[in-house]
1. Considering only residues that are touching a residue at least 60 places away in the same chain (Cβ under 8 Å) and surrounded by fewer than 19 Cβ atoms within 10 Å (Cβ to Cβ), look in region 365-393 and name the one that is nearest to Pro243 (Cα to Cα).
2. Output the residues belonging to region 116-153 that are among the aliphatic types (A, V, I, L, M), in a helix (DSSP H, G or I) and more than 22 Å from the chain's Cα centre (by Cα).
3. Would you call Pro448 closer than 25 Å to Trp221 by Cβ and either under 24 Å from the mean Cα position of the chain (by Cα) or open to solvent by 30 Å² or more (accessible area, probe 1.4 Å) (or both)?
4. Do we have any residue at all in region 413-433 that's more than 30 Å from Gly445 (Cα to Cα), assigned to a helix (DSSP H, G or I), at pLDDT 90 or above and hydrophobic (A, V, I, L, M, F, W, C)?
5. What are the pairs with Cβ atoms under 7 angstrom where one residue, in region 394-414, is among the β-branched types (Val, Ile, Thr) and the other, located anywhere, is assigned to a loop (DSSP other than H, G, I, E, B)? Sequence gap at least six, or different chains.
6. Search region 185-216 for residues being under 19 Å from Leu295 (Cα atoms) and assigned to a loop (DSSP other than H, G, I, E, B), and hand back the single one that is least open to solvent (accessible area, probe 1.4 Å).
7. Name the single residue, out of those in region 412-430 being open to solvent by 10 Å² or more (accessible area, probe 1.4 Å) and among the small types (Gly, Ala, Ser), that is farthest from Val461 (Cα to Cα).
8. Looking only at region 210-218, decide whether some residue is closer than 30 Å to Ala458 by Cβ, at pLDDT below 85 and in contact with a Ser or Thr (Cβ under 7 Å, 6 or more places away or on another chain).
Amino acid sequence: MSKGLWNTDLAPLPPAERRWAWYHFAGLWVGMVVAVPSWMLAAGLIEQGMSAMQATLTVLLGNIVILAPLMLIGHAGARYGVPYAVLARASFGTRGARVPALARAAVACGWYGIQTWIGGEALLTLLGVFLHRDLRGVPLPWLGIGVGQFAAFLLFWAVQLLFVRKGLGAVRRLETWTAPVKIIACAALVWWAICKAHGLGPIFSAPSAFAPGGARAGQFWSVFWPSLTAMVGFWGTLALNIPDFTRLARSQRDQMIGQAIGLPPTMGLIALAGVITTSATVVIYGRAIWDPVELSGTLSGPLVLIGLLVIGIDTISCNIAANLVCAAYDISSLSPERISYRRGALITALIGMAMMPWKLLATSGGYIFVWLTGYGALLGPIAGILIADHWLVRRTRLDVAALYRSEGAYRFAGGWNPVAIAAFLLGVLPSLPGFLATVAPDAFGWVPAGFAALYGYAWFVGLGIAFIFYWLAMAHRRAPEAIPNLAA
């Protein structure tokens, strides 16, 4: 093993330590899916003008699409017991793997901050209900949020770090045991919405804003494609670092069945719950409330207490599993001899705070079309490279020992694979002009309409370009003859 490429957290897991069954993976996905950001996906589409059914089907379709890369990339983790940051060395090189690790870690840090903000808001709302007061406080200069909001954010930020010391076993237990509770809580909120709106009729009869005569008549497809890209990009993060979890699988069958059961059906149900509830708020309050924390604050009695407590528990379990774990591994891989998993987790938490996540959630458009679609443009090319390398170039064969040696089969040119770097850049660049025009339309209004339209397909475009370029450029390389440490 070479210095700088190995520590105990990044080492391949032996078969005896791979104990996750299919129901652990299903529970993991249920725990991550039944979360506030997932709820806000479909709810945000309602606010953008879609009907209840249009929003639900858009979310469901996006998650059926992302299931394929989840299984394809997860295969390597289950077979060889290596995490994502190590697997990336096979395609990017032993040093070049820092590029996809940094890209994935940056997105995970942003998500960690978003989830922490949501959890802090839930705590603040819960306390405000008890005290019958608005505890947000006076807005702080530059931050743009109240003193109370920032204090609640810091408190929730600190609470989550307590779980860092417990490791992935605690994550598995937390997700498995809290998943049923969260499903029951969502069902209760939907039941409340249907009762208050006097049935499903008023909810599903509400027309789409894109229908003839609607406020956005004729604009459906211009919203649908960027929305679908955002839905795919939502779990595009986990599609990369899914080996961090599948390396714990007892078999390929366990990880594949568990993911197939846990992701699309649950995502479809949470989307349906989100659109029913958000559509009901239009009937009940006269406006769409897409944030379940804000909605819980409008309730009374035990419902608000149960809702906000569940949101708090849900946020902790989802945030650790979906964001903290992967970012900690990725950051640790940058300098394994200096950064342990726990130290990587602390760095993740600090960066997540510095990114001021409340600004990303200021509007549903910013959340869906800037944040989700934007990082999809960054991560799609990496997914394309990993899939092409593992399945077409290496034909699922890896020399595991060489992944931890600076002079091994994955050294390429000084530890960098120029083909992977070129494929990554080629995949990202077409979406960059459209991203800039979306983030700052006043400054980048000169960007041609074609680039803005292309941005709506960012994840697909990036994955396709990187996949094809990498495959063709690396086709001359042979897969390793030996398969050391093959376990499943």
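The values are calculated or read from the model by the stated rules, or taken from the named source; none is laboratory data. In this text the structure is predicted, and so the values were computed from the model without any measurement. Cβ atoms come from the backbone with ideal geometry, glycine included; neighbour counts cover every protein chain shown. Note: accessible area is taken over every heavy atom of the protein model, side chains too, but ligands, DNA and RNA are not part of it. Shrake-Rupley method; radii C 1.70, N 1.55, O 1.52, S 1.80 Å.
1. We begin by selecting, within region 365-393, every residue touching a residue at least 60 places away in the same chain (Cβ under 8 Å); these are 365, 367-393.
Okay, now just the ones that are also surrounded by fewer than 19 Cβ atoms within 10 Å (Cβ to Cβ), so 365, 370, 391-392.
Numbers: Gly365: 31, Val370: 27, Trp391: 15, Leu392: 18 Å.
The selected residue is Trp391.
2. Taking region 116-153 first, the residues among the aliphatic types (A, V, I, L, M) are 118, 122-124, 126-127, 129, 131, 135, 138, 140, 143, 145, 147, 151-152.
Next, from what is left, pick out any that are in a helix (DSSP H, G or I): 118, 122-124, 126-127, 129, 131, 147, 151-152.
If the condition is that a residue be among the aliphatic types (A, V, I, L, M), in a helix (DSSP H, G or I) and more than 22 Å from the chain's Cα centre (by Cα), then Leu123, Leu124, Leu126, Leu127, Val129, Leu131, Val147, Ala151, Ala152 are the ones that fit.
3. Numbers: closer than 25 Å to Trp221 by Cβ: yes; either under 24 Å from the mean Cα position of the chain (by Cα) or open to solvent by 30 Å² or more (accessible area, probe 1.4 Å) (or both): yes.
Against the criterion (closer than 25 Å to Trp221 by Cβ and either under 24 Å from the mean Cα position of the chain (by Cα) or open to solvent by 30 Å² or more (accessible area, probe 1.4 Å) (or both)), Pro448 qualifies.
4. Yes, the conditions are met somewhere in region 413-433.
5. Here the result reads Val400/Pro12; Val400/Val82; Val400/Pro484; Val400/Asn485, each pair linking region 394-414 to a residue that is assigned to a loop (DSSP other than H, G, I, E, B).
6. Residue satisfying both the conditions and the ranking: Ala197.
7. Step one: filter region 412-430 for residues open to solvent by 10 Å² or more (accessible area, probe 1.4 Å), giving 412-414, 416, 418-419, 421-422, 424-426, 428-430.
From the residues that got through so far, the ones that are among the small types (Gly, Ala, Ser) too are 413-414, 422.
Numbers: Ala413: 28, Gly414: 30, Ala422: 15 Å.
Selected residue: Gly414.
8. yes
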